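Every read-out reported here was derived from the displayed coordinates using simple, explicitly stated rules and does not represent laboratory data. Because the structure is a prediction, the values reported are computed rather than measured. Cβ placement follows ideal geometry from the backbone for every residue including glycine, while neighbour counts extend to all protein chains displayed.
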Amino acid sequence: MLGGAGFIGSHVVEELLLEPVKEIVVYDNLTRGQKESLRGPQQDPRVRIVEGDINHTDVLNEAIAGADIVIHLAALWLLHCYEYPRAAFQVNIEGTFNVLEACVRHDVKRLVYSSSASVYGDAIETPMTEEHPYNNRTFYGATKIAGEHMCRAFNERYGLDYVGLRYMNVYGARQDYKGTYTAVMMKMLDRIRDGKPLVVYGDGAQTYDFIYVSDVARANVCAMRASATDAFYNIGFGLGTTVRELADLLLEITGSEVGVQYEPEGQTFVTHRVGSVDQAKEELGFGATIELSDGLRRLVDWRKAEERRNPGGQVEP
């Protein structure tokens, strides 16, 4: 479980513990992920945490040795890749090559690779199927495209069995402030907490496909167990929500009357992206179940619990 102490990874670990697994090795360099995110799973004797980086090939190989399945979530995210493109290459591309190489070396039976809907860029048509062209123009999306094609090349050259997951906009408990799109929820909740109006850039018509993190975790388990191979799947709810609709939902759920403040639109990487989820349902047996209103209530409840646990401090992932 590479990147298993992170936002999505920690939820995947929890989901895996519901399965009859013998051992879960959580491999994470703990720069963004935190052991605190695994405070529940750490109590299970099947969980072992190894601190290491996917570019530390000796430590990586030792961690993967003996694994039947590798779930690869370790990566730099969109804004980090934008600010540090060479680091994006070194971690997301070279690091993924190291993972693939280690999987072949140790006869791993299946790799579940975390890609992203960023490979699509702005939607040319919606809902986007898996055949939607690569319309990406970001470093992050470029690294995910490279990762996808390396998976395919390793399958062709070495017979590595893999499935790739293209996540839409993931949100939920333990998310941090560094994501590009999902972080808007946290910023809005900060404004509500501080009694300030929610800031919406442009006309608020930017539309995204939001999926709750525990649904994403379940998608990883479905991919781990499915017979599908050498293919990539959209993992989303399949429903578009505008930023203005998101703001209205948060105001309704929190009972806040701070209202909405419109500002000129700034830098935006993507303004419209909703994925087709039919293929994931048919071939992975996965369908998201947590509607946005329910997921946002869970997020709000988690934040309140964290604020009680850490009074006066920033909510940690």
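Results, tabulated for the structure shown:
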{"read-out": "Magnitude of the charge dipole, the chain, Cβ model with Lys/Arg +1 and Asp/Glu -1, debye to 20", "value": "560 debye"}
{"read-out": "Mean projected area in nm² (Cα convex hull; one quarter of hull surface) for the stretch 1-87", "value": "5.8 nm²"}
{"read-out": "Of K109/K144; K22/K109; K196/K304, those spanning more than 20 Å from alpha-carbon to alpha-carbon", "value": "K109/K144"}
{"read-out": "Inter-label distance, nm, simple model (7 Å from Cα along the C-beta direction), A153/E62", "value": "2.9 nm"}
{"read-out": "Selection from P85, G236, G202, by position along the positive dipole direction of the chain (Cβ)", "value": "P85"}
{"read-out": "At R0 = 35 Å, FRET efficiency that the Cβ-Cβ distance of V104 and A305 yields, to 0.05", "value": "0.25"}
{"read-out": "Proximal lysines relative to K35, as straight alpha-carbon distance under 20 Å, when same-chain residues fewer than 8 apart are discounted", "value": "K178"}
{"read-out": "Amide N of the stretch 10-46 lying under 18 Å from the label point, which is placed 7 angstrom from the Cα of A87 along Cα→Cβ", "value": "28-34"}
{"read-out": "Charge dipole (debye, nearest 20) of the stretch 87-228; +1 at Cβ of Lys and Arg, -1 at Cβ of Asp and Glu", "value": "440 debye"}
{"read-out": "HN-Hα J in Hz across the stretch 128-145 - Karplus 6.51, -1.76, 1.60, θ = phi - 60°, x for Gly and Pro", "value": "6, 8, 5, 8, 4, x, 5, 10, 5, 9, 10, 5, 4, x, 4, 5, 6, 4"}
{"read-out": "Residues with amide H under 5 Å from that of F232, placed H, sequence gap 5 or more", "value": "G164"}
{"read-out": "Qualifying GluC sites (Glu not before Pro) in the stretch 10-41, DSSP loop, other Cβ atoms within 10 Å at most 15", "value": "E23"}
{"read-out": "Counting DSSP beta bridges with both ends in the chain, the antiparallel % (nearest 5)", "value": "10 percent"}
{"read-out": "Highest-MSF residue in the chain out of G202, G141, G240 [GNM, Cα springs under 10 Å]", "value": "G202"}
{"read-out": "Relative contact order [Cα under 8 Å, 6+ residues apart], the stretch 183-317, whole percent", "value": "35 percent"}
{"read-out": "Gain on full stretching of the segment that runs from Q267 to A228 - 0.36 nm per residue minus C-alpha separation", "value": "10.2 nm"}
{"read-out": "Within the stretch 258-281: backbone nitrogen closer than 19 Å to the E130 label point (7 Å, Cα to C-beta)", "value": "274-281"}
{"read-out": "Directionally averaged shadow of the stretch 14-53, computed from the convex hull of its alpha-carbon atoms, nm²", "value": "2.8 nm²"}
{"read-out": "Mean ellipticity per residue at 222 nm, deg cm²/dmol - from DSSP H runs of n ≥ 4 across the chain, formula -39500 (n - 2.57)", "value": "-11500 deg cm²/dmol"}
